[in-house]
Each structure stands twice: as structure tokens, then as C-alpha cells.
Amino acid sequence: MKAREKIPGWNELIIREPTEEERMLCGRRDHFFVVENLPGLGEEVLVTNGEEIWIDSFVEDERLCLSFTERKVDEVTSWMPLPEPYTGE
């Protein structure tokens, strides 16, 4: 069972091939992919690859990447907002 099915709140990261129109719009004919359902760029979130969970953020630096780890975006299956910090109350 996938993490997003066990814990409500996970958002599936959708990675797909670009349409021909998207290739023309960005001016690239080489291989790239389109990522849908991203959180805000630079926003710290929980991410998972289905086996591990870690805190990271998505940034765009010539291409979409994760800012805190060496992981590739296509290794991520889902993300969710960070929970509110514990206040002791």
C-alpha cells in the first residue's frame, strides 16, 4: 500500500512526458518531463519515495530539483505540507 493511501494528506506527484505544444513553448526538443501537483517552489514539505520520508523543497535552477538532498525529482512519489509545530498544549 502506498504512503498516500495509508496517511491522508499526501499529494501524488505526477510526472509525465510533455506534449508537443509544451515542447514548442519552452523551446526545448531534448528529453525533459513535466511535473504536476507541486507545492510552492521553495516551500519546505514532507516528501516520500514510498519507502522513506524526509523534509525537502522543490526549486528551479535551470531545471526542477530538490534543494536539500541529492535526490532526483523523479524519485519522489508524493508530498505533504509540514505539520504544525508541537506547542505542548
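The values are calculated or read from the model by the stated rules, or taken from the named source; none is laboratory data. For clarity, every value in this text was computed on a predicted model and none was experimentally measured. Glycine gets a Cβ as well: all are built from the backbone with ideal geometry, and neighbour counts include every protein chain shown.
Values computed for the structure shown
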{"item": "Identity of the residue in the stretch 47-71, of a type in the set (D, E, K, R) and at pLDDT below 90, that ends up surrounded by the most Cβ atoms within 10 Å (Cβ to Cβ)", "result": "R71"}
{"item": "Some residue of the stretch 16-26 being surrounded by 13 or more Cβ atoms within 10 Å (Cβ to Cβ), on the phi < 0 side of the Ramachandran plot, assigned to a helix (DSSP H, G or I) and at pLDDT below 90", "result": "yes"}
{"item": "Subset of the stretch 72-89 [farther than 26 Å from E17 by Cα and of a type in the set (S, T, N, Q)]", "result": "T87"}
{"item": "Residues located in the stretch 49-71, provided they are closer than 30 Å to E20 by Cα and of a type outside the set (D, E, K, R)", "result": "N49, S57, F58, V59, L64, C65, L66, S67"}
{"item": "Subset of the stretch 72-82 [in a loop (DSSP other than H, G, I, E, B) and at pLDDT 90 or above]", "result": "V76, T77, L82"}
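Yes/no per residue for (1) in a loop (DSSP other than H, G, I, E, B); (2) closer than 18 Å to I14 by Cα; (3) touching a Phe, Trp or Tyr at 6+ places or on another chain (Cβ under 8 Å); (4) free of Cβ contacts under 8 Å to residues at least 40 places away in the same chain:
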| site | (1), (2), (3), (4) |
| --- | --- |
| F32 | yes, yes, no, yes |
| L41 | yes, yes, yes, yes |
| V47 | no, yes, yes, yes |
| G50 | yes, yes, no, no |
| I55 | no, no, yes, yes |
| E62 | yes, no, no, yes |
| C65 | no, yes, yes, yes |
| Y86 | yes, no, no, yes |
